[in-house]
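The values are calculated or read from the model by the stated rules, or taken from the named source; none is laboratory data. Values in this document were obtained by computation on a predicted structure and should not be read as measured data. Here the Cβ positions follow ideal geometry from the backbone for every residue, glycine too, while neighbour counts run over all protein chains shown. To get the accessible areas, we keep the full protein, side chains included, count just its heavy atoms, and leave off ligands, DNA and RNA. Shrake-Rupley method; radii C 1.70, N 1.55, O 1.52, S 1.80 Å.
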Amino acid sequence: WIDIDTTPTCCTMRIYNRLALLIALFASPADSFSGSYQRLSNVVANKHSFVMRLNPTSFQGTDFVITEYPRPALRRVPNKSISEFDDTFQAKTEEMLMIMYESKGVGLAAPQIGLSENVFVYNPSDSKNMERVVCNPKITKYSEEVIVEQEGCLSLRSDECAGQVARSKWIETEYQNELGQKVIRRLKDFEARVFQHEFDHLKGILCLDRFPPEDREAAQENINKLLGLYTDSDAAADPNEEEFNNMMPRPLSARYMPPLEEEEEEEQEQPVGKSGGFGGGGFGAGGGKKATKKKKETKKKVKARDGKRSDNPMFKNTGKTAFANRK
């Protein structure tokens, strides 16, 4: 996950022109997601905006560099569990955090520096108090509500290689911290998204595997450039089939488009005062009836998309985008 500092709030993998939505995601027959379409508050929607950037070619104080697509380390599964939480391991996680910050990222998984180990680090805020080292993680529960946002990745480096990704609004997790202590946490919103993104890396999944077809097509030119830069014969372009089929939530089958909004005027009655007073027949004497006048208020009305507003027949009449398994 990566970032360019285009706003005062500087966190990695900033989501640019981000319109965060809670949507209904229809998954595989085994995993059915449902929910209502809602727009998140402006505070959530505008807090993290990001574009992708090129990676530094080296980092001071470490020999590790960012592993870029299609190097096989990004696709290799399973990764080795962390069993030793000694000084050597502590030093390694410190190097990972340093690389993450220098790359302007909010998260970094071991496969992204060429290590086949079951660990990632992240920090969803501007405070180092929120640094997390996550070892041997599990996601034990995914919310049915999902949020669709633009995502990119340090390992994909191109400004154009980003696309819509559906993530659960909240998740329940189990993992070990840098001391080997067991942690059980429920995460939500941006932190939940970062955790899910880095968790994917440990399963050999990249965010591009979750793009809808339209975004994958838009990014393909830059994906091809990365493929062309890697000259070894062991390039791993695709994820493990079993891990891909087990992804939660399921990828979007088409790019999500929010319903249209249009303004309409609505008349409401509002009190303008009392006839009668506190003394002469008012309070306690049956007087004091409120006089009213009608005031027009402008409200936004959600309007379903139809064929006149989109060339895609999926948006006709229903106002919803079809979601299904991408195989």
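For region 97-118, name all the residues that are part of a strand (DSSP E or B) and either of a type in the set (Ser, Thr, Tyr) or buried (at least 24 other Cβ atoms within 10 Å of the Cβ) (or both). Don't jump to the end; show me each part of the working.
Just the residues of region 97-118 that are part of a strand (DSSP E or B), to begin with: 107-109, 117.
Passing the criteria: GLY107, LEU108, ALA109.
When you look at PHE64, is it outside any loop (DSSP other than H, G, I, E, B), modelled with pLDDT of 95 or more and among the aromatic types (Phe, Trp, Tyr), yes or no? Give the steps one after another, and end with the answer.
Numbers: outside any loop (DSSP other than H, G, I, E, B): no; modelled with pLDDT of 95 or more: yes; among the aromatic types (Phe, Trp, Tyr): yes.
Judged against the criteria, PHE64 is not a match.
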Legend entry - Residues that are open to solvent by 20 Å² or more (accessible area, probe 1.4 Å) and small (Gly, Ala, Ser), drawn from region 190-224: ALA218
Legend entry - Breaking point among (1) over 19 Å from HIS201 (Cα atoms); (2) at pLDDT 95 or above; (3) outside any loop (DSSP other than H, G, I, E, B), for ASN129: (2)
Inset, instruction - Could you check, for region 130-143, whether at least one of its residues is within 15 Å of the chain's Cα centre (by Cα) and open to solvent by 50 Å² or more (accessible area, probe 1.4 Å)? - result: yes
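Is it fair to say THR173 is among the hydroxyl-bearing types (Ser, Thr, Tyr) and closer than 20 Å to TYR122 by Cβ? Walk me through how you get there before you give the answer.
Values: among the hydroxyl-bearing types (Ser, Thr, Tyr): yes; closer than 20 Å to TYR122 by Cβ: yes.
For THR173, the condition - among the hydroxyl-bearing types (Ser, Thr, Tyr) and closer than 20 Å to TYR122 by Cβ - is met.
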Legend entry - Leading residue by the ranking (least open to solvent (accessible area, probe 1.4 Å)) among those in region 226-249 that are touching an Asp or Glu at 6+ places or on another chain (Cβ under 7 Å) and touching a residue at least 60 places away in the same chain (Cβ under 8 Å): LEU226
Inset, instruction - Those residues that are assigned to a loop (DSSP other than H, G, I, E, B) and in contact (Cβ under 8 Å) with a residue 24 or more places away in the chain, I need them from region 79-96; list them, please. - result: ASN79, SER81, ILE82, PHE85
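Pick from VAL134, VAL121: which is hydrophobic (A, V, I, L, M, F, W, C), modelled with pLDDT of 95 or more and touching a Leu at 6+ places or on another chain (Cβ under 6 Å)? If you could, list the steps in order and put the result at the bottom.
On the way: VAL134 fails: touching a Leu at 6+ places or on another chain (Cβ under 6 Å).
Going through VAL134, VAL121 in turn, just one is hydrophobic (A, V, I, L, M, F, W, C), modelled with pLDDT of 95 or more and touching a Leu at 6+ places or on another chain (Cβ under 6 Å): VAL121.
So, in region 152-189, how many residues would count as being over 26 Å from LYS92 (Cβ atoms) and either part of a strand (DSSP E or B) or open to solvent by 50 Å² or more (accessible area, probe 1.4 Å) (or both)?
The initial filter retains those residues of region 152-189 that are over 26 Å from LYS92 (Cβ atoms), namely 158-170, 172, 186, 188-189.
Then drop every residue that is not either part of a strand (DSSP E or B) or open to solvent by 50 Å² or more (accessible area, probe 1.4 Å) (or both), which leaves 159-160, 163-168, 170, 172, 186, 188.
Number of matching residues: 12.
In this structure, does GLY152 turn out to be of a type in the set (Gly, Ala, Ser) and touching a residue at least 12 places away in the same chain (Cβ under 8 Å)?
Working: of a type in the set (Gly, Ala, Ser): yes; touching a residue at least 12 places away in the same chain (Cβ under 8 Å): yes.
Taking the combined requirement at face value, the residue satisfies it.
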Legend entry - Residue pairs meeting the criteria (Cβ under 6 Å; at least 6 apart or on separate chains; first of a type outside the set (Gly, Ala, Ser), in region 208-222; second open to solvent by less than 10 Å² (accessible area, probe 1.4 Å)): ARG210/VAL165; ARG210/PRO251; PHE211/GLY163; PRO212/LEU252; PRO212/ALA254; ASP215/GLY163; ASN222/CYS161
